[in-house]
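Data block below; observations after.
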Amino acid sequence: MQQKFRFVLVGNPENRRVLFFQEALQQAGQDAALVIPYLSILNGGCQLADIFRDGDTVRVESPGENFAVEKKILTLGGLENASALEDERGRIYHPRLWFQGFSTLMESIAQQAGNVSWFNHPDDIVSMFNKPLCKQLLPALTLPSLPVFSSYDEFFAYAEKQAYSRFFIKLNSSSSASGIVAYEHNKRNGKEQAYSTVEIVHGLDGERYYNSLKIKKYTAREEIRNMLNFLFTQGAMVENWIPKARHEDSSYDLRVMGIAGQRRHVIARLSRGPMTNLHLGNQRCAVDELELPSSTWLEIDTLVEKTMQAFPRSLYAGLDILLPRNAKSPVLLEANAFGDLLPNLLHNGENTYLAEINAVLERQRLLHD
């Protein structure tokens with residue numbers, strides 16, 4: 001008979017991630033998880049120390065796609081009058097303060113947990129969200145760190161002096177390509193252009209910034225300056241823009257699920273533009289079609305193993321991996337603590353959630369044998 005364990009999930013109950021996880025628990029022969037809503041925690045409506053039991057297996061899910069939760073996290077991060085914010089679809093509200101509030105929330109959950117086991121430990125989740133920190137933890141696996149800039153003018157002065165004048169600018173703590181810019185500076189004519197998921201909307205109260213599902217192209221220096229000033233004020237890092245490997249008429253990178261230290265689910269993300277995120281309308285491609293040599297897969301396996309070793313208290317991560325066009329070794333772009341939302345992608349007959357649950361059950365069996 002299947003041994004049963006108590007699973008507890010912190011998340012937004014209405015979110016499809018919660019539904020997928022509950023379905024996978026049922027497939028694994030386990031009872032449904034006890035769901036603790038983020039809003040209950042943030043409103044002070046529950047004390048986690050009274051809910052968690054020794055031996056529980058706890059999953060912390062993404063708090064996204066719930067504006068009421070976003071406002072509470074912003075309040076926790078120090079934003080006054082966050083409750084008055086309007087739910088404008090896609091608007092980028094204070095990502096620096098959001099991350100501060102999110103970090104505080106994760107710390108509180110960890111402190112109240114007691115003797116439980118985790119899918120991903122809250123401290124690791126915060127670390128994965130912190131892109132500059134990931135570079136510090138994994139310097140040999142990631143792109144080289146570039147200077148930190150506080151303004152467009154500082155960045156432009158640097159870009160003008162470089163032999164290579166193509167860069168990615170990314171918010172220090174964001175997901176789903178939020179606030180990302182692919183920037184080019186033509187030294188011969190001094191012109192600039194930027195491709196971005198950021199949409200600029202001009203209003204009576206100044207410029208507002210939104211995440212768009214369509215990549216925008218900017219060529220006016222003033223718009224580029226204002227957009228980058230906003231991102232640098234919120235905390236953003238700069239990376240060299242490395243040409244991605246190509247398949248047919250598109251460039252691509254890989255989303256790789258690392259589960260229990262091993263490569264599991266893998267999908268290639270094809271794009272004719274600089275961003276490959278699937279929610280932007282880019283295409284999935286089965287990795288068999290890429291015909292990658294076994295030596296490349298061995299390098300990817302090593303990268304996955306070493307990356308997960310940097311987060312020893314976490315079971316899984318969705319890893320974005322760049323295969324440079326110049327045939328150099330694979331490079332880790334990001335580690336995503338909530339990067340397992342990959343519907344209909346199977347490995348050994350398991351979707352990502354079922355694979356994670358079965359890995360946890362195997363871990364539990366080893367502990368109890």
Here are the criteria: (1) modelled with pLDDT under 95; (2) closer than 26 Å to Arg255 by Cβ; (3) of a type in the set (A, V, I, L, M). Tell me which single one Met128 does not satisfy. (1)
Filtering segment 110-148 for residues that are in contact with a Cys (Cβ under 9 Å, 6 or more places away or on another chain) and β-branched (Val, Ile, Thr) leaves a count of 1
Which residue, of Arg269, Arg363, Arg263, is farther than 22 Å from Asn240 by Cα and part of a strand (DSSP E or B)? Arg263
Regarding Gln162, is this residue surrounded by fewer than 15 Cβ atoms within 10 Å (Cβ to Cβ), more than 14 Å from Met237 (Cα to Cα) and assigned by TED's automatic domain parsing to the domain that holds Asp56? no
Determine whether segment 37-45 contains at least one residue that is modelled with pLDDT under 95, assigned by TED's automatic domain parsing to the domain that holds Ser108 and within 17 Å of Met106 (Cα to Cα). yes
Confirm whether Lys4 is within 30 Å of Met227 (Cβ to Cβ), among the charged types (D, E, K, R) and out of contact with any strand residue (DSSP E or B) (no Cβ under 8 Å at 6 or more places or on another chain). no
What number goes with the only condition from (1) touching a Phe, Trp or Tyr at 6+ places or on another chain (Cβ under 9 Å); (2) within 30 Å of Pro139 (Cβ to Cβ) that Arg325 does not pass? (1)
Go through segment 20-53 and give me each residue that's among the acidic types (Asp, Glu) and within 26 Å of Thr352 (Cα to Cα). Glu23, Asp31
Report yes if some residue within segment 177-185 is touching a residue at least 60 places away in the same chain (Cβ under 8 Å), outside the structural domain of Pro95 (by TED's automatic domain parsing) and loosely packed, with under 14 Cβ neighbours inside 10 Å; otherwise report no. no
In segment 272-287, anything modelled with pLDDT under 95, part of a helix (DSSP H, G or I) and within 26 Å of Ile357 (Cβ to Cβ) is listed as Leu278, His279
Take the residues of segment 304-356 that are in a loop (DSSP other than H, G, I, E, B) and among the polar types (S, T, N, Q): which is surrounded by the fewest Cβ atoms within 10 Å (Cβ to Cβ)? Asn344
Does Gly114 fit the bill of being over 21 Å from the mean Cα position of the chain (by Cα) and either closer than 18 Å to Asn336 by Cα or of a type in the set (Gly, Ala, Ser) (or both)? yes
How do the pairs read when you match residues in segment 187-207 that are aromatic (Phe, Trp, Tyr) with residues anywhere that are not in a strand (DSSP E or B), using Cβ under 9 Å and keeping only pairs 6 or more apart or on different chains? Tyr195/Gly273; Tyr195/Pro274; Tyr195/Met275
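The values are calculated or read from the model by the stated rules, or taken from the named source; none is laboratory data. Fair warning: this is a prediction, and the values are worked out from it, not measured in the lab. For neighbour counting, all protein chains shown are included, and Cβ atoms are generated from backbone atoms with ideal geometry for every residue, glycine included.
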